[in-house]
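Heads up: the structure comes next, in structure tokens.
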Amino acid sequence: MTDDITELEPLTPFRRWWDAAAGLEDLAEAMSVATATADGVPAVRMVLLRGLDERGFVFYSNLDSRKGDELAANPRAAGCFHWKSLARQVRIEGNVTVVAEAEADAYYHSRARESQVGAWASDQSQPLPDQETLMRRFAEATARFDGQDTVPRPENWSGYRIAPERVEFWQELPHRLHDRLVFTRDGAAWRRHRLYP
Ligand SMILES: Cc1cc2nc3c(=O)[nH]c(=O)nc-3n(C[C@H](O)[C@H](O)[C@H](O)COP(=O)(O)O)c2cc1C
């Protein structure tokens, strides 16, 4: 049940549900993120939640990827978490902004050096003739930064923050009589309501 959610805002219960899922399953931080072109053609893919606070949900990616192009043209996204072991889903929707340079730098430099180099090797979402080309580019980038203490963050690699306007908590219940609790933003506050399953 969503009866454990007594808060008047969604962030605290989200953290509680996420913590519970993380104790039970791998990749509890995985969420699908849907974007759409300016004329409304949707696309969805998985990403990892790497930051969360009252400003929103942060994931990192290549700004020149397909999702990056779509977010540049239409800066709105929807995300969905599914935690199988708890039979729960959380959906979020909102406007998207690119995180501050310092925030992106901090996360980028927390990653394994190989992952930092990999960001230089990959033109995410662009056509790739063969896997050897990617491996050659990775080797070239590795050689380029060899001997340097830090690998600089590519300008087109950063984070996106989804500032939630709607957060829905969904709990599976018997007979498809599932429990849905929705928070919608109302200025600085939030409204709560329930939906039929
Ligand atoms: C579990 C999982 C987590 C992923 N996490 C990320 C991520 O955090 N950032 C990212 O750019 N791609 C991530 N990917 C790859 C994306 O799903 C996608 O293939 C890639 O971002 C290109 O998407 P696009 O062409 O729509 O931009 C992940 C894939 C999986 C399966």
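Suppose a student asked you for the relative contact order of the stretch 106-197, using Cα pairs under 8 Å spaced at least 6 residues apart; what percent would you report?
19 percent
Would you list the P(r) distribution for the stretch 46-113, with all Cα-Cα distances sorted into 10 Å bins from 0 and each bin expressed as a whole %?
Distribution as computed: 16, 48, 30, 6 percent.
Once a ≥ b ≥ c are taken as the square roots of the eigenvalues of the Cα gyration tensor of the stretch 94-144, is the result rounded (a/c under 1.5), prolate (a/b larger than b/c) or oblate (a/b not larger than b/c)?
Cα axes put the stretch 94-144 in the oblate bin.
Please report, in debye to the nearest 20, how large the charge dipole of the chain is about its Cα centre when each Lys and Arg carries +1 at its beta carbon and each Asp and Glu carries -1 there.
520 debye
As a check on your grasp of the helix formula, calculate [θ] at 222 nm for the chain: sum -39500 (n - 2.57) over DSSP H runs of n ≥ 4, divide by the residue count, round to the nearest 500.
Rounded to the nearest 500, it is -8500 deg cm²/dmol.
Calculate, for GLN131 and ALA20, the FRET efficiency according to 1/(1 + (r/R0)^6) with r their C-beta to C-beta distance and R0 35 Å; round to the nearest 0.05.
Calculated value: 0.35.
Does the stretch 151-190 come out rounded, prolate or oblate by the C-alpha gyration tensor, with a ≥ b ≥ c the root eigenvalues, rounded set by a/c under 1.5 and, if not, prolate when a/b is larger than b/c and oblate if not?
Cα axes put the stretch 151-190 in the oblate bin.
What distance in nm lies between label points placed 7 Å from Cα along the C-beta direction at TYR196 and ALA112?
Computed distance between label sites TYR196 and ALA112 equals 5.0 nm.
Go from 0 up to the bin containing the longest alpha carbon distance in the stretch 107-197, width 10 Å each, and give me the % of pairs per bin.
Each 10 Å bin holds this share of Cα pairs: 13, 27, 16, 16, 22, 7, 0.
Gain in length, VAL41 to GLN124, computed as 0.36 nm per residue apart minus the alpha-carbon separation, to one decimal in nm?
The VAL41-GLN124 span can extend by a further 27.9 nm.
Which of THR142, THR6 has the fewest other C-beta atoms within 10 Å, and how do the rest follow up to the most?
Ranked by crowding around the Cβ, least crowded first: THR6, THR142.
Any idea what % of Cα-Cα pairs in the stretch 23-153 are farther than 23 Å?
In whole percent, the share of Cα-Cα pairs in the stretch 23-153 beyond 23 Å is 44.
How far, in nm, would the chain grow between HIS175 and MET1 when pulled straight, counting 0.36 nm per residue and subtracting the alpha carbon separation?
Additional length available on full extension: 61.3 nm.
Rounded to whole Hz and in sequence order, give me ³J(HN,Hα) for the stretch 166-174 from the Karplus expression 6.51 cos²θ - 1.76 cosθ + 1.60, θ = phi - 60°, writing x for Gly and Pro.
Couplings: 9, 10, 10, 9, 10, 10, 5, 9, x Hz.
Just check the stretch 6-91 against the gyration tensor rule for me: Cα atoms, a ≥ b ≥ c as the square roots of the eigenvalues, rounded for a/c under 1.5, and otherwise prolate or oblate depending on whether a/b exceeds b/c.
Because a/c hits 1.5 or more and a/b exceeds b/c, the stretch 6-91 counts as prolate.
For the stretch 1-149, what's the relative contact order in percent, using C-alpha pairs closer than 8 Å and at least 6 residues apart?
RCO, the stretch 1-149: 17 percent.
Every number here is computed from the coordinates shown, using simple stated rules; none is lab data. No experiment lies behind these values; they were computed from the predicted model shown. Note: ideal-geometry Cβ built from the backbone for every residue, glycine included; neighbour counts use all protein chains shown.
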